[in-house]
1. If you take the residues in the stretch B:267-293 that are under 11 Å from B:SER197 (Cα atoms) and in a strand (DSSP E or B), which one is nearest to the chain's Cα centre (by Cα)?
2. Working carefully through the options B:THR56, B:THR75, B:THR107, B:THR67, find the one that is polar (S, T, N, Q), in the same structural domain as B:PHE315 (by TED's automatic domain parsing) and under 16 Å from B:ALA298 (Cα atoms).
3. Considering B:TYR138, B:TYR144, B:TYR102, which residue is within 14 Å of chain A (Cβ to nearest Cβ), of a type in the set (Phe, Trp, Tyr) and under 30 Å from B:ASP276 (Cα atoms)?
4. Answer with yes or no whether B:THR116 is of a type in the set (Val, Ile, Thr) and modelled with pLDDT of 90 or more.
5. Evaluate the following for B:GLU52: is it at pLDDT 65 or above, assigned to a helix (DSSP H, G or I) and away from chain A (no Cβ under 14 Å)?
6. Among the candidates B:THR305, B:THR369, which residue alone is assigned to a loop (DSSP other than H, G, I, E, B), more than 20 Å from the chain's Cα centre (by Cα) and within 14 Å of chain A (Cβ to nearest Cβ)?
7. Test of understanding: among B:ALA380, B:ALA354, which residue is within 14 Å of another protein chain (Cβ to nearest Cβ), under 21 Å from the mean Cα position of the chain (by Cα) and closer than 26 Å to B:GLY260 by Cβ?
8. I'd like to check something: does the stretch A:178-195 contain any residue that is out of contact with any Cys (no Cβ under 6 Å at 6 or more places or on another chain) and over 24 Å from A:VAL241 (Cα atoms)?
Amino acid sequence: MADSSVPVRLASAAPNARVRRVPSKAMLRYGHLWFVLPGLVFFFSVMIFPAIFALGISLTNWSGLGTNFQFVGLDNFTNALSHWPFYRAAINNFYIFISILIFQHTVGLFIAVQLNEKPRFMQFYRTVLFLPVIISLVSTGFIWTLMLSSNIGFLNPMLEDIGLGFLARNWLSDTATALPTVIAVTAWNSLGWSVVLYLAGLQNIPEELKQAAQIDGANGWQIFWRVIFPLLSPSFTSLTVLTFIGTFRTFDVVYVLTGPLGSPAYRTDVLGTLIYRTAFGGSGFSNSDIRMSFAIAMALILFFAMALICWGMIVVLRKREIQS
Amino acid sequence: MKHKLMKSLLVGILLASTALPSPAQDKTVLTMWHNHPEWKDRVEAILVKFEEENPTIDIQLEEIAGTNYTTRLNTALAAGEAPDLFGLSPGPDTAAAAAAGYSVDLTDKLDISGLTPSAKAAVTIDGKVWSAPILGSYTVGLYYHRKVFADNGLTPPSNQSEFMALCQTLKDKGIVPMIAPAQDGIIPAFLYMMMASSVLKADGFDAVRKGTRKLTDPDVVKAAYFLRDIYTCFQDGSLATPYVEGKALFALGKGAMLEGGSADYAGFLETNPDIDVGVVPFPAVDGGTPATVTGMEAPYNINATSKNIDAAVTFLQWMMGKEPAQMVVDTITLTTTEGVVPSDNRVMKEMIEAGRSNDVRVFYELPETGGVFGAIQQNAAALFLGEMSPEDFSKALQDTVKPSGS
């Protein structure tokens, strides 16, 4: 049998015609890997290798300064799992997640349904609603700090000017309003995502299904709940998982709005600010509270916990999609 | 032919340009990081003076906001990307950098005989010199707006009772008694240090370092009570007010008093050139002595990986001289060079006078009490909100003390 990797000259070809190489079986089966190799190399060098390196550091007592450290095994991980501030911050992240999830699946869905009716200036509304998403979270934090500040903000004076002075608060320093304020700012920033995702899902629903339901006598609410909403399952899944990841990674907005300590009195402290503070310290005056390897251990616990929860979410929600 | 001629001409020009001396190559460039952007113009004026006298050395200054400085510097040091000259708090931080091999040993390179005794002690660790205090020291006391006090017939308080009474008087007149940006806990930390120092004084603080006195002693716990009570005198939203916003609010006259350091005055002038303030030592816990605390503005280390160590040494030595020290004390903050006094800066003179009352080192510069500052930051808000008792607060601080006798 002829070797398929050997150049083959067609019998009908002219004597000087170029020889066509036939790809080998290995090349046919694995040749695509050459195309993904650059991306894989990049992925390994900026994601996998640093993660492995971080895991190594988390097994030591390195403070973050100098080269003097010892191997301590899993001490950092066991300490992190019994570290009350870790759970306190995680609970705040959970509150943010639940609040944003409910907001996006209600308000976001409602707005998407309205935009799906293609009102006048629909493009304008969609652009305006998505604008906060493209503003960086640091900029978002600064904008809202200026608005909400008790001293230089304009929200409280505006409320007083329109006769709603009784609503004025120390939004970011009052323990009752600080976290809800952070949640409100996050919701404002992320609303555009839910609108865009749900709008895309709505636009993929065949019109015939709604017409068939109308013919069968279903009213508007029944059409939405029994026909449209089940078909939005993929959007629901995507949004839920993305919201979970986004809210448990919260850092920028909290850091800018309430500082590295999650003021007041840790009411807005989240896992991001806790890990940052533990790794780099909470002030510019002293390095005495820096514990880099402990911070990395907390970050790794968070990573694995999030991965596990995301996997569980996707499994459960995909089943729901299939049933729908 | 024409094409070959053009090519030859081009090659000739390129070769000739490499033979020409480049003036920039004769200059040594030193990179320097600093953590007071509000001083930029004043520091650059001093650097320009140095460059005039040392034309072969250029200093490239980068200003980084104080609250981000430590994070950026630590990351740069770990990555090997720190500048030639970087400032670090004296004491534990400088010792850690020296132990890690980040800093050059300056013991036989620098002459520090012209420094004040406290400055010499601050930069000497186990007999070795690792840094130079080139941008002075700071003393922290109580600033007050002189016009507000004069218009209302008030005098600055000297103890807790007077302070709280003054606080109520000002509130009754619709004036915010005290600006305190407490978001990151830095101001409460300085407040506590002065309140505790009013009870301990220098001797008592040394005793805490040795372990023969504690921050949980009944008389020292009164400082925690004072700190808790003073919260009612702060501006609205103090727990969410960032550090720099608070300083600006005071400079603009939004509050009558501010706990601040000599290093803050330059920043006040940047915000409000017409500011008219006075300085007194911070009021004492009843029965104590009004106190100030003093620390070094981050002394400068030379990066051990710098390619221009000799030039950096030249710069540091020059900065400790009388002329640059005079520029520092006249335009920025107190100096650490012996025999240099403010020529015409009333506020600096008042700050020096305030320090004569009862001055104690800032706690975080010393290995025994280095952790107290962070503990105050982390627990002050709970104390203010009544979620933590003054006794538990004092205990949390004491738990971080590592007495030298232990």
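1. B:VAL293
2. Details: B:THR56 fails: under 16 Å from B:ALA298 (Cα atoms); B:THR75 fails: under 16 Å from B:ALA298 (Cα atoms); B:THR107 fails: under 16 Å from B:ALA298 (Cα atoms).
Result: B:THR67 is the single residue among B:THR56, B:THR75, B:THR107, B:THR67 that is polar (S, T, N, Q), in the same structural domain as B:PHE315 (by TED's automatic domain parsing) and under 16 Å from B:ALA298 (Cα atoms).
3. Numbers: B:TYR144 fails: within 14 Å of chain A (Cβ to nearest Cβ); B:TYR102 fails: under 30 Å from B:ASP276 (Cα atoms).
After ruling out the rest, the residue left standing is B:TYR138.
4. Details: of a type in the set (Val, Ile, Thr): yes; modelled with pLDDT of 90 or more: no.
When the stated conditions are applied, B:THR116 does not pass them.
5. Values: at pLDDT 65 or above: yes; assigned to a helix (DSSP H, G or I): yes; away from chain A (no Cβ under 14 Å): yes.
So B:GLU52 passes the test.
6. Details: B:THR369 fails: more than 20 Å from the chain's Cα centre (by Cα).
So the residue among B:THR305, B:THR369 that is assigned to a loop (DSSP other than H, G, I, E, B), more than 20 Å from the chain's Cα centre (by Cα) and within 14 Å of chain A (Cβ to nearest Cβ) is B:THR305.
7. On the way: B:ALA354 fails: within 14 Å of another protein chain (Cβ to nearest Cβ).
Among B:ALA380, B:ALA354, only B:ALA380 is within 14 Å of another protein chain (Cβ to nearest Cβ), under 21 Å from the mean Cα position of the chain (by Cα) and closer than 26 Å to B:GLY260 by Cβ.
8. First, the residues of the stretch A:178-195 that are out of contact with any Cys (no Cβ under 6 Å at 6 or more places or on another chain): A:178-195.
Subset that is over 24 Å from A:VAL241 (Cα atoms): A:178.
Within the stretch A:178-195, one or more residues are out of contact with any Cys (no Cβ under 6 Å at 6 or more places or on another chain) and over 24 Å from A:VAL241 (Cα atoms).
The values are calculated or read from the model by the stated rules, or taken from the named source; none is laboratory data. All values reported here derive from a predicted model rather than from experimental measurement. Here the Cβ is made from the backbone with ideal geometry for all residues, glycine too, and neighbour counts use every protein chain on show.
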